[in-house]
Every structure is written in C-alpha cells, then in structure tokens.
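Working notes for the structure below.
The values are calculated or read from the model by the stated rules, or taken from the named source; none is laboratory data. Model, not experiment: these values are computed from the prediction. Here the Cβ is made from the backbone with ideal geometry for all residues, glycine too, and neighbour counts use every protein chain on show.
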Amino acid sequence: MATERAVLFANGELRNPAVVKAMLQPSDYLVCVDGGLRHLKSLGLRPDLLIGDLDSITAGEILELEREHVRIQRYPVDKDETDLELAVLTVIKEGYRTLCLVAALGGRLDQTLGNLFLLTLPELSDCSIRMEDGVEEAFIIRAQATIFGQPGDTVSLLPLAGNVTGVVTRGLRYPLHAETLLFDHTRGISNVILENQAVIQVASGILLAIHTRSAARR
C-alpha cells in the first residue's frame, strides 16, 4: 500500500494557488485530471499521471507530456463516470489512502455537487481525503476530525445522506454537545474557529465539513 499522498488536480476553480503550492510535499504523487493540467502548469509542476477523456487539453499538450514520459490513461468521452471519479478510483486501486483533490469545487454546480458526493464512496471509507481550492477545504467526517486554521475561520457542518447524531465540537464559537444535525436543516452552517484548531466528533452518519480560511480570502 502506498504511504505517500496522491494529489489530484481537477478542472474547477483554484482560488488561491499560493496556498495550495505551500501544501505540496516532494513525495506527493501528482495526478492531472484532464483540464486540471492548467493548474499544474500555473504552479510550474509536471504530473506523474494524466487521466481522463482529455477533451479539455490540446493535442500539443498531450504530445509534450508524452515526450516527458508522463503516464497517460485515456478514456472515451462517452462514459458513465466523470474524469475525477475515474482518477480517484485509480489511485485507490494503486494503494493510496491519503488524497487531496485540488480545484474540484466551483464552476458548474452539478460538477461541484457530484464531486462532493464522491467523498461518500464506500471505497473511501478508510481514506483521508480532502478537497482544496486554496481558500476552502471540504472533507467527510465519519468519526472524528481535526481542523487546523486560524481564529475567525468559518466552519460549516452539513449532514449528508440523512441525519448525523452525537455531534460534539471543541474549539468552535457555537459548541455542540452530543447533538443531532438534521439533514434538512441549516443549524451547522457558519460556525467560527476560536483558536488554531477545532475538533469534531460524530456518533453516526456522514458529516460534510467545510473550512473557509478568512486570511486566504484577502
């Protein structure tokens, strides 16, 4: 099983590239998901893997990557999965259990929602996987998670696939004490980090956490 992290660059919005570049590590396995190549190029990086139907990049760009011996997995345009889903399933099969999905938010609403729902895939239940655009990070909490940020950052907690019970928070302005967040209510939106980290626990259910960095928006 791979011990490194796989970082997948999608074709959504990268709102603060500097934050993302600072997060990258030399050992990261860099995956370009079709048009996500534009983000890698803007950061001066070369992917280890290019994957997708490749309808969002030019033939010249593909040829350049081939010359650089980048591994390429090409799929037909007519398929049942999005390029990002194929990329996620590929790195999971190759043994990666820590994933960062960069620029998978923003742009088309259907794509954004589909990408967020990907986090609930059963294949990812034993993985650490976060979405990142340089300003916001989004991830699933099934048991416990720690959010590292700054005082004043916003944290929203949204139930997915039904109610989430036994929610306990530490380090947030509006604490929850073994409470239930309802799927069709907005109670968990717009909480605030008080110090440099916050801890969230859940007893049952799938909780989507969205952390918005106040400093990165400036």
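Elements of the type strands (runs of 3 or more DSSP E) sitting completely within region 77-195 and holding at least 1 residues that are among the small types (Gly, Ala, Ser): these cover 128-132, 136-141, 144-148, 154-170.
For Arg71, indicate whether it is within 18 Å of Phe9 (Cα to Cα) and outside the structural domain of Leu194 (by TED's automatic domain parsing). Answer is yes for this residue. Every condition in (1) in contact with a Leu (Cβ under 8 Å, 6 or more places away or on another chain); (2) buried (at least 16 other Cβ atoms within 10 Å of the Cβ); (3) at negative phi is met by Glu81 except one, and the failing one is (2). Given the structure, is Val77 of a type in the set (A, V, I, L, M) and within 17 Å of Val7 (Cβ to Cβ)? Considered against the rule, which asks whether it is of a type in the set (A, V, I, L, M) and within 17 Å of Val7 (Cβ to Cβ), Val77 comes out as no. Within region 108-119, can one find any residue that is in contact with an Asp or Glu (Cβ under 7 Å, 6 or more places away or on another chain), modelled with pLDDT of 90 or more and either charged (D, E, K, R) or buried (at least 18 other Cβ atoms within 10 Å of the Cβ) (or both)? Checked region 108-119: at least one residue is in contact with an Asp or Glu (Cβ under 7 Å, 6 or more places away or on another chain), modelled with pLDDT of 90 or more and either charged (D, E, K, R) or buried (at least 18 other Cβ atoms within 10 Å of the Cβ) (or both). For region 191-206, taking the residues that are closer than 16 Å to Tyr174 by Cβ and modelled with pLDDT of 95 or more, the one that is surrounded by the fewest Cβ atoms within 10 Å (Cβ to Cβ) is identified as Val199. Looking only at residues of region 1-27 that are within 15 Å of the chain's Cα centre (by Cα) and in a loop (DSSP other than H, G, I, E, B), we find that the one that is surrounded by the most Cβ atoms within 10 Å (Cβ to Cβ) is Ala10.
Output yes when any residue across region 89-100 is within 15 Å of Gly12 (Cα to Cα), in the same structural domain as Asp34 (by TED's automatic domain parsing) and surrounded by 21 or more Cβ atoms within 10 Å (Cβ to Cβ), and no when none is. Checked against the condition, which is being within 15 Å of Gly12 (Cα to Cα), in the same structural domain as Asp34 (by TED's automatic domain parsing) and surrounded by 21 or more Cβ atoms within 10 Å (Cβ to Cβ), region 89-100 yields at least one hit.
The rows are residues; the columns are (1) assigned by TED's automatic domain parsing to the domain that holds Val167; (2) over 13 Å from Ile210 (Cα atoms); (3) touching a residue at least 60 places away in the same chain (Cβ under 8 Å).
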site	(1), (2), (3)
Gly106	no, yes, yes
Phe117	no, yes, no
Thr120	no, yes, yes
Leu124	no, yes, no
Ser128	no, yes, no
Ala145	yes, no, yes
Phe148	yes, no, no
